[in-house]
Every structure is written in structure tokens, then in C-alpha cells.
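The values are calculated or read from the model by the stated rules, or taken from the named source; none is laboratory data. This is a predicted model, so every value here is computed, not measured. Virtual Cβ from ideal backbone geometry, glycine too; neighbours counted across all protein chains shown. For the accessible areas, the whole protein counts, side chains as well, though only heavy atoms, and no ligand, DNA or RNA atoms are used. Shrake-Rupley method; radii C 1.70, N 1.55, O 1.52, S 1.80 Å.
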Amino acid sequence: QVQLVESGGGLVQAGGSLRLSCAASGDTFNMYAMAWFRQAPGKEREFVAAISWSGSNTWYADSVKGRFTISRDNAKNTVYLQMNSLKFEDTAVYYCAARDGPHCDYDYKYDYWGQGTQVTVSS
């Protein structure tokens, strides 16, 4: 079992930056692939970024590539999402997820989820 708690969301102007954090507790954090997903009002949840258990491999949705960076600190049991050059369309609830297996883009393959943190980008 893994418990995930996101933080760092908020209101930011377009072009600004935010850093989300996801603190994990419970099972061995460094054995899990981690990912960020987001869900905007009226839309399905979508993949944002993922990172391998070691942190050596990362993957991004095309919509955030070059603007967002996922990283992890296994000593702190924490995964981060640095979001730069934010756009209005990045507004969503952002969720952290953990998977006991290789990374993937499909939310239904992730085993554990946080409660989400709201990111609002004003235009």
C-alpha cells in the first residue's frame, strides 16, 4: 500500500510557474513508477508525465513537453512536477499516481492515487 499526498497547486498567471510535490508513504517508494495526470472540468483525466522508479527515464505528453519537468527524490519519497510557461489550458486538478510496474500513459493501470491539487492559470 502506498499513500500519496499532493501539494503546491494554486492560482498563477499565464506564463508563470508552479512546482507540485507528491509525498509518498507506506510501501517502498523507490520500487514504483510515478506519474502525474490532470483533469480539467468537463474533460477526461489525461496523462501529463511519468518517471521510472530510478528516475533515469521520463516521459511527457506532447502538450507539456519542454515546459514541464518531472523528477523524484527517493530519499525523500517525493516526486515533483515543475511547471513553467503555464497556459490557461493547463488549468486542471493534478493527480499523482504510483504503479507497481513499468510506466505507462493509461490511468487505469496505476495502483495508487492522491487526492489531487488544483492548478488554475489565469489568462
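What is the sum of charges, Lys and Arg at +1 and Asp and Glu at -1, for the other residues whose Cβ falls under 15 Å from the Cβ of residue 88?
Here the count lands on +2.
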Given a 1.4 Å probe, the accessible area of the stretch 1-80 per residue, as a whole number of Å², is 52
In the chain, lysine pairs 8 or more places apart or on different chains with C-alpha atoms under 25 Å apart total 6
One quarter of the C-alpha convex hull surface, i.e. the mean projected area of the stretch 62-121 in nm², amounts to 4.9
A 1.4 Å probe over the protein heavy atoms gives the chain a carbon and sulfur accessible-area percentage of 47
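Would you mind counting up the charge near residue 44? Only other residues with Cβ under 13 Å from its Cβ, with Lys and Arg at +1 and Asp and Glu at -1. Spell out each step's value before the answer.
Values: positive: 38, 43, 45; negative: 46, 105, 107.
Value of the local net charge: 0.
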The set of cysteines in the chain having no other cysteine's C-beta under 4.7 Å reads 104
Given backbone amide H placed at 1.01 Å from N, residues whose amide H is under 5 Å from that of residue 27, ignoring those fewer than 5 places away on the same chain, are 2, 3
HN-Hα couplings for the stretch 5-12 via Karplus (6.51, -1.76, 1.60; θ = phi - 60°), in whole Hz with x for Gly/Pro, come out as 10, 8, 7, x, x, x, 9, 9
With the charge dipole of the chain built from beta-carbon charges (+1 for Lys and Arg, -1 for Asp and Glu) about the Cα centre, the Cα from 1, 68, 93 projecting farthest to the positive end belongs to 68
Taking placed amide H atoms and a strict 5 Å upper bound, the residues 5 or more places from residue 45 or on another chain that come that close are none
Expressed in angstrom and rounded, the centroid-to-centroid distance over alpha carbons for the stretch 46-79 and the stretch 94-123 is 11
